[in-house]
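Working notes, beginning with the structure itself.
Only the coordinates and a few stated rules stand behind these numbers; no lab work does. This structure is a prediction, so every number in the text was calculated from the model and none was measured. Glycine gets a Cβ as well: all are built from the backbone with ideal geometry, and neighbour counts include every protein chain shown.
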Amino acid sequence: MSEPVRRRAFLKLAGRVVIGSIVIYGSPAAVMSKLGQSAEPTPVDADAGPPGYNPKAHQWVFIVDTARCIGCGRCVRACKEENHVPMDPRYNRTWVERYVQTADGEMHVDSPDAGIHGFASFEANREYAGQDITKAFFVPKLCNQCEKPPCVQVCPVAATYKTDDGIVLVNRDKCIGCRYCIQACPYGARYLDPDEHVADKCTWCYHRISRGLQPACVAVCPVGARKFGDLRDPESEVSKIVAQLRLYVLKEDLGTRPRVRYTQLDEGVR
Amino acid sequence: MMLGYIYPNETEFQWSVLIVLYPFITGLVAGAFVVSSLYHVFGMKALRPVARLALITALAFLLIAPLPLQAHLGHPERAFLIFLMPHFTSAMAGFGFIWMFYLILVVVETWLVFRPDIVALAERSSWPMKAVYRSMALGVYDVSDEAMEVDHRLIKILAAVGIPSAALLHGYVGFIFGAIKANPWWSTPLMPVIFLLSAIVSGIALLMVLYIVSMKLLEREIDHECVRSMSSLLAGFLFIDLALEGLELLSMAYEQEESWTIVRGLIGRMSVTFLGVQILMGAVIPLIVLGYISLFRVERRLSTAISTVIGVMVVVGVFAMRWNVVVGGQTISKSLRGYVEYEWVFGGREGIFMASLILCLPFVIYTVLVKLLPPWLEEAPAAEAALAAPTRQSVPALSLVGAGAGSGGGGGYISLGNIAPDPKRKRYIGLKLTLAGLGTAMAALMYGVFAAPGSPGLLQIGGSQPEPVLVPQLRASFPAQQLSVFTEPAGGSWVEPLDVTVMGDGIFVLDHAGQQIIEIDQKGAFVRSYDARSVSGLELRHPHAMANDGTDIFIGNTFPPRVYVLDPRAGLLVRSIELPPGDTMNLPTVPTGMTFTSYGNLVVSDGQNHRLLVLSPDGALVQAIRRPPGSWDLITPNSRVAGTAQAAALSIVASTGRPGSVAVALDGTILAVDILGPGVVRVQRDGSLGGEFARPSLPETGVFTPTDIAIDELGRIYVSDDLLQGVQVYGANGTSLGVIGRSDPNSFSKPADMKHPSALAVQGNKLYVVDRGRGVVVYQLPGIPPVTAQIPPQ
């Protein structure tokens, strides 16, 4: 006999809860979604290729010949100029590391000001004064454009995304600046743009490569330590290198499958 | 600030104290909610006094939970995107939904639990509070037994759903960190479980403290049995939490993966916050003390007092745990070679002030909610009776309040002390004073941020503002005007122009791969070529250097090492001078540069044997100049002979000095380019060292890959640099005057006149630069009158 009353009260209450929730939380969302945002990644104009560029027709690859690099730092400078990266050494799309092994077997690593001024200064060499050096080499670093990019995986709003030709880009109009991608990148390739407060990273100069140009760092390298090309083109230099030489990638164990391949890497280069 | 090597982009700290607050606050929510569910679902009757308080606490903290995240975003205005277009592979994308679901759950459950109170208050109170309560009642005034039964059933369902939801809410926060494989300190599947357990621990501890303090402030009876069961619960969860954390560390230490070294170092660096506060103060000591008071007979009031202290210690310990995870994890460089230093910031969006403000807010909301919906209403008649009793003294309570409210409480105490002892008005005196204290403290903090001189603004975007860094303008342009470029001799051709010398009107270009010398005129027209076919005996094999004495051209040949003396007018080989081998192992001389001294002697630099040879015009060896021991060998600071302070301090790693091109300065000293130093070395007439310059230790004046050197009649020194793709100009004393050949000497991406400048010659006011493999570029030098006596150039 009290059954109908209970049910009515229950339904009444449940109804209120549901309707209230929809009104309180649903309406702003409905309005916002009308503003034309979509969950699909949308490329940014600045980074997107020109009309007519077909990303599906390319498979870009980047090869770093560490034996050739002389640590002049021109690539770092050219990158900053080309991509309007702040000159502040805390923000870099690419940088050059120096590995120096002293006679005691110790491996020293440094990258003063990201290597932009080279490594010849007195300050950069003070610690090696009077020491015997058994080997030394430079390792240019940049975004690996991973095939399984952790940064894309963790972005909560899909502001960072992978194009069909394998490049990972950031939609600067969508990035909320949570910096989760910066934490997730095992290579330290990302930074928060201090002016626009969005994540930024190397794009392999997508605006250049999609127009048939070389990335800025490749174009200015005086010794050919940086090589860039299309694996779909079997005649390209990179295709031949990939086919014939032994190449390594950084932090292979993390399963990110980097697209930047290195020659002559040594133990301890991460 | 850093130790060891860190990736350059890691210098900036990404997640700071606000992101520490976020898991801390959500943890408190989850913990408090679990306590209320233990009563509602599992029927732990001992928790009845705090069950309603737990809901209020959970709600107060839940409302604030997204705030630290919101404040931390680079684009807070885009935060809604996380709701509208979540990217579901991201652990963070779920936050909006989980939080909202949980908020609805907690609000509905709170409403249901407090519904009878709301109805009663709506009837009892007067305007304007009546309107507030009536709106809160949502039009439901049915408090019949049937309605209450429905409510209870709903509460039980919601509380039951709430337990997995709480686990989800906080386990998910742990997953945000645990799923980052890039960070060895975060990446562990245990992270969500540890986060969840520490959340429950912190929630119980906070609730215990809030309960005891609130009861004290409101002068109510503390239910010691309730405190005791909360202590036992706390001890239980704390034990599991500690065990899991220990397990994680143990497996890391035992497996000894690549990252262990850096993790071990991190633990050492965090010894205070990790070992001290989190483990010892926040877990081990509380566990021992709580174990003692639950196992042995301790007087109730004492055990409650101890529980309060322990509760505070545990909450602080859990805060330290969040700190150690969030901040500690980021101090590890992902290069596994060093540590980033966390720098404290007071103002700004991610400063200490913002964090304290956000941390204060839940307590303000808690106070308001407790005032609005007193969770201890059912005991009210008894408490009121106690308050009204004439025997009760209010002084101890007031002093407690004064201590709790801090600086803000002092004034209130005196004024309130004069109010007539109306028990009804005094009821929330503790709360009022606490509120006043909180308000004063926040106002003081606010003043500190907005008004204090030099303090960073609260609304300033970004935690740390980048230092204004100017583009280093290291190099200046030298005002030489480009006159002409001869890429091919008109009417002839060359293969690989490498060196040049100018005699009279003739420009003699050494074609390295063509094994010939091409003479062109000042307009670039082909005049004549000299090779083995046209000049008998001129067998050029890898010639690298040329010079002239005004009548003859001297060509340095490598195989065999000899100098050919060519008379271009007659087209004859006048003679050839054999170059003597070096002292060590009889290594043949490689003539890498040639010039004439003011006495007419020929200087040949021998890059192979690290020496300069001075030959008389007839070819006899006059002098063999070696640098002081060691200086053209492996260069280290210890062997460097001081010319200037900078040079004395110079160190070049693993490179060997090697003389390249040479030129004679106006004062008669020989200037030799050190190819591998790199730099320019001045050699006195007696062969002793007269100083050096153009070392790359000074980025504004240094050379990188010097290829040739020339001097003009004003004594200015020109050094071509292959890497710089330009010609560095120095005054006679080595001070930098600028760069020729670059549109922007500070930019490598701006075009340069030459790709591989390899040789220089100066005649009068003209500078001839060979762009290796391409041709000759001619510049007009400033400051020299056009008609001059001919000075024999190099």
**Asked** Once you sort the root eigenvalues of the Cα gyration tensor of region B:1-157 as a ≥ b ≥ c, which label holds: rounded (a/c under 1.5), prolate (a/b larger than b/c) or oblate (the other case)?
**Response** prolate
**FRET efficiency for B:VAL272 and B:PHE346, using Cβ-Cβ distance with R0 set to 30 Å, rounded to 0.05** = 0.90
**Asked** Label 7 Å along Cα→Cβ of B:VAL368; region B:57-80 residues with amide nitrogen under 18 Å?
**Response** B:57-68
**Prompt:** Looking only at other chains, what is the average number of their beta-carbon atoms within 10 angstrom of each beta-carbon in A:73-79?
**Reply:** 3
**Asked** What is the local net charge at B:GLY329, summed over the other residues whose Cβ is closer than 15 Å to its Cβ (Lys, Arg +1; Asp, Glu -1)?
**Response** +2
**Message:** What does the extension gain come out to for A:ALA129 and A:ARG232, with contour length at 0.36 nm per residue minus their alpha carbon separation?
**Reply:** 32.3 nm
**Complete:** Ordering B:572-579, B:757-764, B:202-209 by per-residue average of other C-beta atoms within 10 angstrom, highest first, gives B:202-209, B:757-764, B:572-579
**Prompt:** Between A:LYS12 and B:VAL316, what FRET efficiency follows from the Cβ-Cβ distance if R0 is 56 Å, with the result rounded to 0.05?
**Reply:** 0.75
**Asked** Counting other C-beta atoms within 10 Å, which of B:HIS756, B:HIS512 has the fewest, and how do the rest follow?
**Response** B:HIS756, B:HIS512
**Prompt:** So between B:ILE784 and B:GLU77, what do we pick up on full extension, going 0.36 nm a residue minus the alpha carbon distance?
**Reply:** 248.1 nm
**Item:** For B:SER720, B:SER37, B:SER736, A:SER210, order by how many other beta-carbon atoms lie within 10 Å, fewest first
**Value:** B:SER736, A:SER210, B:SER37, B:SER720
**Item:** Cα gyration tensor category, rounded, prolate or oblate, for region A:205-246 with a/c compared to 1.5
**Value:** oblate
**Asked** In nm, what is the difference between 0.36 nm times the number of residues separating B:PHE296 and B:VAL143 and their Cα-Cα distance?
**Response** 50.6 nm
**Message:** Give me the one-decimal nm value for the distance between modelled label points at B:SER536 and B:ASP521, 7 Å along each residue's Cα-to-Cβ direction.
**Reply:** 3.0
**Prompt:** Which pairs, out of A:LYS141/A:LYS162; A:LYS174/B:LYS334; B:LYS130/B:LYS156; A:LYS227/B:LYS755; A:LYS141/A:LYS251; B:LYS130/B:LYS371, put more than 24 Å between their alpha-carbon atoms?
**Reply:** A:LYS174/B:LYS334; B:LYS130/B:LYS156
**Fill in**
Computed from the beta carbon distance with a Förster radius of 56 Å, FRET efficiency for A:ASP164 and B:PHE239 to the nearest 0.05 stands at 0.60
**Request:** Express in whole angstrom the spacing between the alpha-carbon centres of region B:186-256 and region A:209-259.
**Result:** 52
**Asked** Under 14 Å Cα-Cα from B:LYS45, which aspartates and glutamates qualify once same-chain neighbours fewer than 8 residues away are excluded?
**Response** B:ASP223, B:GLU225
**Item:** Prolate/oblate/rounded call for region B:238-284, Cα gyration tensor, a/c under 1.5 rounded
**Value:** oblate
